[in-house]
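Colleague: Before anything else, here's the structure in question.
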Amino acid sequence: MEPIIFTKNLTKKFGDFIAVNNISFSVEKGEIFGFLGANGAGKTTAMKMLCGLLVPTSGLGKVAGYDISTQSDSIKRRIGYMSQKFSLYEDLTVRENMQFFGGIYGLRNKEIQKKIEYYHDLWSNNEMFDGLVGSLPLGWKQKVAFATAMMHDPDIVFLDEPTGGVDPIVRRQFWELIYKASDQGTTIFVTTHYMDEAEYCNRVSIMVDGEIAAMDSPKNLKIAYHTDTMDDVFYQLARKAQRSETV
Amino acid sequence: MRVLLALLKKEFRQIRRNRVLAMMIVMLPVIQLTILPLAADYELKHIKLGIIDDDHSTLSQELTNKIMSSGYFNLVDVGQSYTQGLEQIERDKVDLLLEIPSQFSQNLHKKGTESLSISANAINGVKANVGSVYLTQILQSYNVEMLHKLIPETMYANSGAILTSSRYLFNDNLKYPPFMVPGILALLVTMIGGYMSSLNVVKEKEMGTIEQINVSPIKKYQFILGKLIPFLIIGFVVFSIGLFIVARGVYGIVPRGSYLLIYSYLFIYLIAILGFGLLLSSFAETQQQSMSITFFFMMIFILMSGLFTPIQSMPEWAQWIAAFNPVTYFIKVMRMVVLKGSTFMDIRRYYLIMVAFGIVLNTLAIWRYKKTID
């Protein structure tokens, strides 16, 4: 079966700066794929290319069978995206945000309503749906952002540091949401700084200075780097970085 | 269609929740349109006039009374000499100085001529200019009166003086509000439309919400329409409040031409100006930048629109700028239709020009809006 994400020598330059350098990898359908790397390693840039937000400088990339350079509109129909920067409308309620993001994917009111009811039951927090997003605690904001990214049942969901800055309990709850989506067949592509989260992934890649330095299951990586924590694997790779934290 | 509806619904929900915006939509036309025309009045009054009367005759007293009864001047005591008077000008206490020489009345009777001197404080050029013109006109009419008195009727009739009388068309009493209100209303709609549309999109950039939209399969034209339609409606509301409540209610200005014509032109105009706002938004990343860029263009638009100064009297290069200023045409059309009752045939040229503005600006806005960054 063809991998759901596939790249070959994918490169992005900003002037002289090579943000992403010749990366080649593939992600199988239904996988939880962890995309690790220090700040400025090029994770977000790579992810934006896969989502059709950035045009690659060179190289090939395919998402859900479509070419990222020429068919980004078809890709956008099939993916969900949760940006590193929180990006729901703070002056709209949770329900209204869900209605809007469902609406711009062309969902019918009935389908949107069904989704809202699903999260209603899941979270059993009824008042929250009619409160403004701006007044929610960060943890809930992130969970709502995930739910909005999943409104149109995407094949793949891209999560850019979805748990940045939230407490361990909420992180745990968030990963429960990810597992639920994965169980329903959604491919998860997630970047994170938390190495305990890396352990939750089927496979991880570690980016250093725009290149993929290592890629395997967490278990195999630990064996290869003669250690018993992902923390240590990451540290061994990331300290080789030349690039400062600028991007 | 569902996509566009979702966009519109969201936009209206945000507008409804934004109290400041709602206030602006109602208060801006009411307050600004009520106040601004009163200030934007070219008729000068309260010109500070100093008279140095070296003659102290009945005649010079009569002349002073005549000048003061015109209502344009406030008499200021400047002392007894021209030098003292000049000092007062330097201190900005006086705008105009009229010197009546000694033996004014004697010379006038003996020689039949006499000259007066007017000195004007030209720091405020308009005041100096208009003030001297007023004063000269009063002196001239006084001159004619004198002739009447001194020269027998028959001789005067044969003297062949040319007398002019003016009739002001379309604005009988030469009042300023009918002239200024339609223009200022056009300006208010422009400011609201231009600022709101550009700020709105840049806010989405600042908040990061635009990225969430860009990663969806939404079409560029849908996005632009989703921004255009709500502000089109707001523009109509602002304009109607101004036209019916203030122009009609406060100033009693009722358009002589057809409402349909006014509103159809407003429609095209708003599409053009909103397209311009959206185009500007593509050059800004923050709301602050957007404000500065929009302000830059608004200043040019306002001052070079013919609202305050006739375009024909601008230098040629400025006339070219005015020709590429959409506000120029809207003000022109407003004045023509409201004051003169012009018909579609009279303004069809301006109609076509505005349609062209609309097409060009919105095409550029759609082209500049990039869902994918290179």
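The values are calculated or read from the model by the stated rules, or taken from the named source; none is laboratory data. Predicted model only: the values in this text are computed from it and were never measured. Methodologically, a virtual Cβ is constructed for each residue, glycine included, from the backbone with ideal geometry; neighbour enumeration extends over all protein chains shown. Keep in mind that these areas ignore ligands, DNA and RNA; they rest on the heavy atoms of the full protein, side chains included. Shrake-Rupley method; radii C 1.70, N 1.55, O 1.52, S 1.80 Å.
Colleague: Enter the accessible area of residue A:243 (Å², nearest 10), with the probe set to 1.4 Å and all protein chains included.
Modeller: Approximately 60 Å² of residue A:243 is accessible to the 1.4 Å probe.
Colleague: Could you pull the accessible area for residue B:113 with a 1.4 Å probe, rounded to 10 Å²?
Modeller: Number for this one is 90 Å².
Colleague: Roughly what angle does helix B:259-281 make with the longest principal axis of chain B, taking Cα atoms, 0 to 90 degrees, to the nearest 10?
Modeller: 70 degrees
Colleague: Moving on to the next point. Measuring from a point 7 Å past the Cα of residue B:344 along Cα-to-C-beta, which residues in region B:242-262 have an amide N at less than 14 Å?
Modeller: B:258-262
Colleague: Now, a different point. Select from B:190, B:136, B:294 the residue whose mean-square fluctuation is largest in a Gaussian network model of chain B (Cα-Cα springs shorter than 10 Å).
Modeller: Comparing B:190, B:136, B:294 in the GNM, the peak value goes to B:136.
Colleague: Residue A:37's amide H: which non-local residues (gap 5+, or another chain) put their own amide H closer than 5 Å, with H modeled 1.01 Å from N in plane and none for Pro or chain starts?
Modeller: Under 5 Å from the amide H of residue A:37 lie the amide H atoms of A:192, A:207, each far enough along the sequence or on another chain.
Colleague: Determine how large the accessible area of residue B:62 is when every protein chain is in place; take a 1.4 Å probe and give Å² rounded to the nearest 10.
Modeller: Approximately 70 Å² of residue B:62 is accessible to the 1.4 Å probe.
Colleague: Does region B:307-369 come out rounded, prolate or oblate, given a ≥ b ≥ c as the square roots of the eigenvalues of its C-alpha gyration tensor, rounded meaning a/c under 1.5 and, failing that, prolate meaning a/b above b/c?
Modeller: oblate
Colleague: Pairing the Cα long axis of helix A:168-183 with the longest principal axis of chain A, what angle in degrees results, from 0 to 90 and rounded to the nearest 10?
Modeller: Around 90 degrees separate the two axes.
Colleague: Heavy atoms only, probe 1.4 angstrom, no DNA, RNA or ligands counted: give me B:360, B:78 ranked by accessible area, highest first.
Modeller: B:360, B:78
Colleague: At 222 nm, what helix-only mean residue ellipticity would chain A give, in deg cm²/dmol to the nearest 500, using -39500 (n - 2.57) for each DSSP H run of four or more?
Modeller: Using -39500 (n - 2.57) per qualifying helix, the result is -10500 deg cm²/dmol.
Colleague: Shifting gears a bit: Nearest 10 degrees, 0 to 90: what angle lies between the long axis of helix B:220-240 and the longest principal axis of chain B (Cα atoms)?
Modeller: 40 degrees
Colleague: For residue B:254 and residue B:147, calculate 0.36 nm times their separation in residues minus their Cα-Cα distance, and state this gained length in nm to one decimal.
Modeller: Between residue B:254 and residue B:147, full extension yields 34.0 nm more.
Colleague: Relative to the Cα centre, what is the charge dipole magnitude of the protein assembly as shown, using +1 at the beta carbon of each Lys and Arg, -1 at the beta carbon of each Asp and Glu, and rounding to the nearest 20 debye?
Modeller: My answer is approximately 1800 debye.
Colleague: Taking a threshold of 24 Å on the Cα-Cα distance, which of the pairs B:332/B:370; A:29/B:219; A:48/B:203; B:175/B:332; B:9/B:332; A:115/A:141 fall above it?
Modeller: Violating the 24 Å Cα-Cα cut-off are B:332/B:370; A:29/B:219; B:9/B:332.
Colleague: Applying the Karplus parametrisation 6.51 cos²θ - 1.76 cosθ + 1.60 with θ = phi - 60° to the phi angles of region B:13-19, what ³J(HN,Hα) value in whole Hz is obtained for each residue in order, glycine and proline being reported as x?
Modeller: With the stated coefficients, region B:13-19 comes to 4, 5, 5, 4, 7, 8, 4 Hz.
Colleague: Rounded, prolate or oblate: which fits region B:201-334 when a ≥ b ≥ c are the square roots of the eigenvalues of the alpha-carbon gyration tensor, with rounded for a/c under 1.5 and prolate only if a/b beats b/c?
Modeller: Since a/c reaches 1.5 but b/c is at least a/b, the shape of region B:201-334 is classed as oblate.
Colleague: How many Cβ atoms of partner chains, on average, are near each residue of A:96-103 if near means within 10 Å of its Cβ?
Modeller: Going residue by residue through A:96-103 and averaging, the value is 5.
Colleague: When the chain is fully extended, how far beyond the present Cα-Cα distance does residue B:24 get from residue B:283, taking 0.36 nm per residue of separation?
Modeller: Roughly 90.7 nm would be gained on extension.
Colleague: Additional query: Starting from 0.36 nm per residue, how many nanometres of slack lie between residue B:302 and residue B:123 once their C-alpha separation is accounted for?
Modeller: The span from residue B:302 to residue B:123 would gain 62.0 nm if fully extended.
Colleague: Ignoring everything except DSSP H segments at least 4 long, calculate the 222 nm mean residue ellipticity for chain B; use -39,500 (n - 2.57) per segment, divide by total residues, nearest 500.
Modeller: The helix contribution divided over chain B gives -20000 deg cm²/dmol.
Colleague: Sticking with this structure for a sec: Could you order A:100, B:308 by accessible surface area, starting with the largest, using a probe radius of 1.4 Å?
Modeller: Descending accessible area places them as B:308, A:100.
Colleague: Given R₀ = 25 Å, FRET efficiency for residue A:71-residue B:9 by Cβ-Cβ distance, to 0.05?
Modeller: With R0 = 25 Å, the Cβ-Cβ based efficiency is 0.25.
Colleague: Further, regarding this structure: So how strong a dipole does chain B carry about its Cα centre when Lys and Arg Cβ are +1 and Asp and Glu Cβ are -1, to the nearest 20 debye?
Modeller: 2520 debye
Colleague: I've got another one for you. Show A:136, B:185 ordered by accessible area, largest first, where the area counts protein heavy atoms only and the probe is 1.4 Å.
Modeller: Most to least solvent-accessible, the answer reads A:136, B:185.
Colleague: Have a look at B:94, B:104, B:82 and report the one farthest towards the positive end of the charge dipole of region B:1-148, computed about the Cα centre with Cβ charges (Lys/Arg +1, Asp/Glu -1).
Modeller: Most positive-ward Cα: B:94.
Colleague: Mind giving me the FRET efficiency for residue B:140 and residue B:356? R0 is 35 Å, r the Cβ-Cβ distance, nearest 0.05 is fine.
Modeller: 0.10
Colleague: Follow-up. Please compute the average number of Cβ atoms from other chains found within 10 Å of each residue's Cβ in peptide B:15-22.
Modeller: For this peptide, the per-residue mean of nearby foreign Cβ atoms is 1.
Colleague: Of all beta bridges DSSP finds with both residues in region A:5-238, what is the antiparallel percent, to the nearest 5?
Modeller: The antiparallel proportion sits near 55 percent.
Colleague: On to the next question. Which of B:30, B:15, B:50 sits closest to the plus end of the dipole of region B:3-57, meaning its Cα is farthest towards the positive end, when Lys and Arg get +1 and Asp and Glu get -1 on the C-beta?
Modeller: Going by the Cα projections, it comes out as B:15.
Colleague: Given a 1.4 Å probe and no ligands, DNA or RNA in the count, how much accessible surface is buried by B and A, both sides, to the nearest 100 Å²?
Modeller: Chains B and A together bury roughly 2800 Å² of accessible area.
Colleague: Additional query: How many partner chain Cβ atoms sit within 10 Å of a residue's Cβ in peptide A:53-61, on average, as a whole number?
Modeller: Taking all residues of A:53-61 together, the mean is 2.
Colleague: Among bridges DSSP assigns within the protein assembly as shown, what percent are antiparallel (round to 5)?
Modeller: Close to 45 percent.
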